[in-house]
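So the structure is just underneath, and the comments pick up after that.
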Amino acid sequence: MSNASSIRCLITAGPTREFLDPVRFLSNPSTGKMGYALAEAALRLGWNVDLVSGPVSLPEPDGAILYPVVSAEEMYHQADALFDACDICIMTAAVSDFRPARCLPQKEKKSTASLTLELEPTRDILAALTERKLDQTVVGFAAETENLEANARAKLTAKNCDLIVANDLTQPGAGFAADTNTVTLFTADGSHETLGPALKTALATQIIDRLAKIRA
Ligand code: CTP
């Protein structure tokens, strides 16, 4: 049984940036809206919120402790430092899966630049942290364009999560940058529940309410 004011919630949000040189990077269209909406909903319940955020243009949620990061590696180190103390961990961040194999110290001139980019994988933050999961309730997100249920369930198992919130990116008004979304929640007991279409702020409240029930 947890007292609301003692619940510590770690949230990752937004995109990461993986630089090729000082002026160019690989990233994705994530705006951080879902993660920030979840932070606001958790704060409304009186939870302590650690928000590890990639670069976004959103106001800092009042009452959260914000940890700004840029790259996947920085996000990993910050989340790693906060994970053991959290009760609930929600990983909404759209972490870049690849980074350039090297980042040049000076801007590369286009006249001499190679047009082939060598990449290497970034660390899977969620999978790395859940390897040492104890009593935490861990929520992963899944961004999919096909086979939503199969892919989401595979991530639930592979990343040792209690819940996966799956986005079908092909649905109108869903996914990156939109204010609305439709999500399906898949749990380890085999059940699922679809929420929306609704504003991300409303979906965030519903997801946090379900997590509050799990921790009650
Ligand atoms: N995630 C993470 N670290 C990564 C990649 C993803 O922590 N390097 C987390 C995301 O925050 C999300 C979950 O893993 O909670 C699933 O992310 P998603 O992009 O849907 O899947 P991937 O694991 O990247 O797999 P794929 O791109 O093959 O679908």
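The values are calculated or read from the model by the stated rules, or taken from the named source; none is laboratory data. Source: prediction; values computed, not measured. Neighbour counts run over all protein chains shown; Cβ positions are idealised from the backbone, glycine included. Ligands, DNA and RNA are stripped out before the accessible areas are found, and what is left, the full protein with its side chains, is counted by its heavy atoms. Shrake-Rupley method; radii C 1.70, N 1.55, O 1.52, S 1.80 Å.
Assorted remarks:
- Using C-alpha pairs under 8 Å with a sequence gap of at least 6, the mean separation divided by the residue count of the chain gives a relative contact order of 21 percent.
- Solvent accessible area, Å² - residue 114, 1.4 Å probe, full protein context: 80
- Per-residue ellipticity at 222 nm from helix content only, as computed over the chain with -39500 (n - 2.57) for each DSSP H run of at least four residues, stands at -8000 deg cm²/dmol.
- Efficiency of FRET between residue 154 and residue 65 - r from beta-carbon atoms, R0 30 angstrom, step 0.05: 0.35
- Rough spin-label spacing in nm, given labels placed 7 Å along Cα→Cβ, for residue 101 and residue 146: 2.9
- Given R0 = 45 Å, the distance between the Cβ atoms of residue 85 and residue 201 translates into a calculated FRET efficiency of 0.95.
- Assuming charge only on the beta carbon of Lys and Arg (+1) and of Asp and Glu (-1), the dipole of region 47-135 about its Cα centre is about 600 debye to the nearest 20.
- Placing pseudo-labels 7 Å out from each Cα toward the beta carbon at residue 135 and residue 24 gives an inter-label distance of 5.0 nm.
- Unit charges at the beta carbon, dipole of region 95-166: most positive-side option, 119, 142, 157: 119
- Given charges at beta-carbon only (K, R positive; D, E negative), |dipole| of region 108-150 in Debye: 300
- Under 14 Å of direct C-alpha separation, and excluding same-chain neighbours fewer than eight residues apart, residue 110 reaches these aspartates and glutamates: 21.
- In a simple Cβ point-charge model (Lys, Arg +1; Asp, Glu -1; nothing else charged), the chain has a dipole of about 300 debye relative to its Cα centre.
- Gain upon complete extension [residue 127, residue 187; 0.36 nm per residue less C-alpha separation]: 19.9 nm
- Of all DSSP beta bridges in region 101-216, antiparallel share, percent nearest 5: 65
- What the Cβ-Cβ distance of residue 177 and residue 6 gives, at R0 = 41 Å and to the nearest 0.05, is a FRET efficiency of 0.75.
- Mean Kyte hydropathy of 1.6 or more with a Cα span along the axis of at least 20 Å, helices from DSSP in the chain: none
- Full-extension gain in nm, residue 45 to residue 214, via 0.36 nm per residue minus C-alpha separation: 59.4 nm
- With loop membership from DSSP and a limit of 16 other Cβ atoms within 10 Å, the longest segment of the chain without GluC sites (Glu not before Pro) is 1-107.
- Candidates per trypsin sites (Lys or Arg not before Pro) in region 127-216, loop by DSSP, up to 13 other Cβ within 10 Å: 132
- Qualifying lysines (Cα of each under 24 Å from Cα of residue 213; at least 8 residues distant if same chain): 33, 133, 155, 159, 200
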